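Since the structure comes first, as structure tokens, the remarks are kept for the end.
Coordinate-derived values only; no laboratory data. No experiment lies behind these values; they were computed from the predicted model shown. Using ideal geometry, Cβ is built from the backbone for each residue, glycine included, and neighbour counts are taken over all protein chains shown.
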Amino acid sequence: MPRSKLLSGLAGLLIVVSVAAGWIAIGHLAAATKRGIARTELALVSARGLAADTAESATELQRVLGLVGDGLGSTSDALVATRQVSSNVRRFLDIASFVNSVDDLSASLEQAETTIANVEVDLDEASGAIEEAGPGLAETVDSLQAIPAQLDLSIAEIKASASEVGDQVWLWRLAMVAGGAALLLLLALIANLRRAVEATQP
């Protein structure tokens with residue numbers, strides 16, 4: 001049965017080649033997976049830095065808006081006081097209206113009061129807009145501040161996955177070798193069985 005032995009030997013060779021090819025392929029796959037994980041980790045680290053910087057900027061913006069709102073309120077109060085002083089001065093000037101130059105000054109003060117009143121309206125609108133934006137900005141800041149911690153968890157999971165890939169490679173290779181050895185053992189058993197059958201034949 002030289003032909004049977006040849007086929008058995010060829011089958012054994014193919015099994016060995018398959019196991020070797022699988023061993024190499026698993027190594028390449030693991031290396032590519034690790035490279036992909038490393039790139040993902042770098043991207044997450046960059047995103048984490050960007051998120052942290054954005055959160056800091058948003059926090060600073062929130063602080064500045066608070067200061068601007070306070071400043072607008074103070075400015076509005078100062079304008080109200082200025083307009084009241086101007087009004088009081090104008091009333092005094094009306095009493096002294098027998099002087100010609102007083103009439104011109106009184107008219108100028110009245111125009112200034114009108115301008116101040118318009119500015120007060122604009123300041124009140126701006127202050128109201130800032131107050132309305134406050135809660136939404138606070139929620140945004142809270143969300144942005146939570147992102148770095150979430151990305152830290154993702155980075156930790158990526159690192160754990162990278163170490164698991166190394167462990168899995170040896171398990172895959174062990175399974176490949178065990179499967180190849182089982183097939184070779186099966187071929188050996190078949191060959192022994194064939195020899196036993198041949199030995200019983202006259």
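A compact table of results
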| item | result |
| --- | --- |
| Between the stretch 3-38 and the stretch 139-202, the Cα center-to-center distance that results, in Å | 13 |
| Tensor-based shape of the stretch 8-73 (alpha-carbon gyration tensor, a/c under 1.5 rounded, otherwise prolate or oblate) | prolate |
| Fully extended contour minus Cα-Cα distance, from residue 124 to residue 5, at 0.36 nm per residue | 32.9 nm |
| Length added when fully stretched, residue 52-residue 70, from 0.36 nm per residue minus Cα-Cα | 3.8 nm |
| Per-pair calculated FRET efficiency, R0 = 35 Å: residue 189 and residue 25 via Cβ, rounded to 0.05 | 0.80 |
